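Everything on this sheet refers to the single structure shown next.
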Amino acid sequence: MRQVHRRFGTTIALGGVDLTLRHGEIHAVLGSNGAGKSTLMKIMVGLERPDEGEVEILGRHIERFDPGAIRALGLALVQQHFTLVPTLTGGENLVLARPEGRLRPDRQTCRDRLAALVDRYGLEVRGDVPAGELSVGEQQRLELLRALDADAKVLLLDEPTAVLTDTEADQLLRVCRDLTQEGRAVAIITHRLAEVFAGCDRVSVLREGRSVIEDAPVGEHTRADLASAMIGEHSTGTFTGRSDDARAIEASSPMDRPPRLEVRGLSIGRLQVTDLDVRRGEIVGIAGVDGNGQSELEAALSGRSDVAGRISVDGASLTATDPRVRRALGIAYIPSDRYRWGLVRPMDLSDNLELGRVARIRPRRSKRHRAARGALNSWDVRSSGPEAKASSLSGGNAQKLLLARELEGDPAVILACYPTRGLDPNAADTIAGRLLERADQGAAVLWIGAELDELCVVSDRLFVLSDGRLIGPFTAPYDRREIGLAMAGVATDQAHGR
């Protein structure tokens with residue numbers, strides 16, 4: 001790709017970017033949210049057309065930017081947001097991406113084909129379960145397997161590890177290395193600097209739509225170099241957590257404070273939670289390998305599923321599942337899938353900020369836009385203004401838009417499900433800081449996450465979710481070995497089922 005330009009109205013997404021991918025190499029593409037990385041990849045596979053510039057694939061100059069034609073050349077893109085059909089099984093989604101003949105194969109053939117890929121690459125996915133019922137991690141792995149099934153010569157991965165655990169991310173890097181040894185080219189858009197140094201050969205960095213570091217060997221740079229190039233200032237993007245003064249919102253210890261969120265005898269599917277409390281000013285982290293009950297816990301606490309048991313906030317039972325009632329009780333919800341459960345992509349930003357408000361009378365348009373401008377500025381949501389569609393935002397800006405709405409006011413309980421997933425270090429630090437501020441103001445925060453390092457920094461107490469049951473609590477200073485054993489399903493003396 002040479003001198004590629006792309007504009008959206010007055011916004012410059014790409015301002016003359018070069019990118020070269022080589023057979024047998026893994027190329028990392030870095031940049032903060034909104035830097036133009038996803039747009040660059042979409043142009044490469046024909047989902048977008050450049051305003052200026054040249055694209056050449058496997059020796060062929062591209063004039064016609066058509067996804068089908070470019071895919072036939074041997075390129076496959078795994079996008080940051082899923083493209084699965086939720087009512088079809090994992091196996092059916094697999095064959096849907098690569099149709100052969102006019103008749104759809106039977107379900108057993110679909111399952112067998114998916115099982116063969118799972119065995120080859122070690123990316124576990126249930127083949128006979130509708131995609132909409134798979135965990136977020138399984139859906140991401142299914143998207144990866146669909147691209148691998150296409151036998152692509154050039155594989156483009158947009159934030160592929162954002163929803164994977166560290167172990168799963170390591171496995172993916174091993175798969176990518178195996179693919180390059182077969183002569184393929186792999187490009188990975190990522191925010192995890194550790195992955196760049198663990199498994200990538202070359203690196204390019206974009207900032208505000210322009211190349212800052214171009215096609216450089218990874219070994220020529222340090223983490224500080226890359227972090228500085230991404231955000232324009234020296235930063236490691238590592239959140240340090242609350243200070244001791246901020247952590248102590250009261251003179252008492254967290255366990256002496258009254259609980260705001262109480263869960264008793266919760267049962268839904270494989271999930272069985274005997275009791276769980278989150279107290280005023282406390283952050284309770286939930287760690288674990290994806291698929292061990294996280295999606296069920298999120299569905300239960302957010303009101304999306306009917307459950308057995310008791311859930312209460314400040315003593316009030318959450319028997320009603322109406323989102324308006326929950327909002328009135330002071331529950332803020334940051335979903336694991338921002339577009340499925342949090343935002344309406346075709347709606348403009350001001351309307352998305354109004355979703356779920358208790359008031360039943362909709363404010364006038366001028367008032368909505370005025371309030372929206374304040375929220376967008378406060379949260380540094382980079383857009384063309386309140387009238388822009390949510391679909392126009394990058395992943396990080398969409399997440400900040402969601403939090404701008406959910407953290408408005410004084411929430412009593414914050415259900416934060418992977419709140420920093422897929423974000424660049426700077427945006428992740430901003431969001432983590434805002435959540436910690438709300439805890440300092442007295443909110444009870446339940447933080448379901450996949451990044452153990454992050455959870456150990458932000459959490460007052462930590463539980464591990466394994467096979468639908470909570471193990472813990474663990475308290476600081478955290479014993480990583482004990483937590484690791486719990487995540488592997490091995491009971492320890494310090495961990496007990498909850």
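Step by step: first the residues of the range 152-164, then only those that are within 22 Å of the chain's Cα centre (by Cα) and not in a strand (DSSP E or B), then the one that is surrounded by the most Cβ atoms within 10 Å (Cβ to Cβ). Which residue is that? In this case the residue turns out to be 160.
Need the failing condition index for residue 384 against (1) among the small types (Gly, Ala, Ser); (2) surrounded by fewer than 18 Cβ atoms within 10 Å (Cβ to Cβ); (3) not in a loop (DSSP other than H, G, I, E, B), just the number. Among (1) among the small types (Gly, Ala, Ser); (2) surrounded by fewer than 18 Cβ atoms within 10 Å (Cβ to Cβ); (3) not in a loop (DSSP other than H, G, I, E, B), residue 384 violates only (3). Among the residues of the range 459-488, the ones that are surrounded by 15 or more Cβ atoms within 10 Å (Cβ to Cβ) and part of a strand (DSSP E or B) come to 12 in all. Candidates 356, 342: the one that is in contact with a Phe, Trp or Tyr (Cβ under 9 Å, 6 or more places away or on another chain) and surrounded by 22 or more Cβ atoms within 10 Å (Cβ to Cβ) is 342. For the range 359-372, filtering for residues that are exposed (fewer than 13 other Cβ atoms within 10 Å of the Cβ), modelled with pLDDT of 70 or more and small (Gly, Ala, Ser) leaves 1. Among all positions in the range 391-399, there is at least one residue which is more than 24 Å from residue 451 (Cα to Cα) and either assigned by TED's automatic domain parsing to the domain that holds residue 259 or more than 17 Å from the chain's Cα centre (by Cα) (or both).
For the range 50-72, a residue qualifies if it is hydrophobic (A, V, I, L, M, F, W, C), without any contact (Cβ under 8 Å) to a residue 60 or more places away in the chain and in a loop (DSSP other than H, G, I, E, B), and the qualifying residues are 55, 62, 65.
Just one of the listed residues (73, 94) is modelled with pLDDT of 85 or more, in contact with a strand residue (DSSP E or B) (Cβ under 7 Å, 6 or more places away or on another chain) and either in the same structural domain as residue 37 (by TED's automatic domain parsing) or not charged (D, E, K, R) (or both), and it is 73.
On the given criteria, is residue 375 outside any loop (DSSP other than H, G, I, E, B), surrounded by fewer than 24 Cβ atoms within 10 Å (Cβ to Cβ) and in contact with a Phe, Trp or Tyr (Cβ under 8 Å, 6 or more places away or on another chain)? No, not satisfied. Being surrounded by 14 or more Cβ atoms within 10 Å (Cβ to Cβ), part of a loop (DSSP other than H, G, I, E, B) and modelled with pLDDT of 90 or more is the requirement here; does residue 47 meet it? No. Considering the range 6-44, the residues that are of a type in the set (Val, Ile, Thr) and under 21 Å from the mean Cα position of the chain (by Cα) include one that is surrounded by the fewest Cβ atoms within 10 Å (Cβ to Cβ), namely 39. Applying the condition of being in a loop (DSSP other than H, G, I, E, B) and β-branched (Val, Ile, Thr) to the range 165-201 and asking which residue is surrounded by the most Cβ atoms within 10 Å (Cβ to Cβ) yields 190.
Of all residues in the range 18-40, at least one satisfies being assigned to a helix (DSSP H, G or I) and either charged (D, E, K, R) or farther than 27 Å from residue 219 by Cα (or both). Would you check if residue 350 is surrounded by fewer than 18 Cβ atoms within 10 Å (Cβ to Cβ), out of contact with any strand residue (DSSP E or B) (no Cβ under 9 Å at 6 or more places or on another chain) and not in a strand (DSSP E or B)? So residue 350 fails the test.
The values are calculated or read from the model by the stated rules, or taken from the named source; none is laboratory data. Predicted model only: the values in this text are computed from it and were never measured. Using ideal geometry, Cβ is built from the backbone for each residue, glycine included, and neighbour counts are taken over all protein chains shown.
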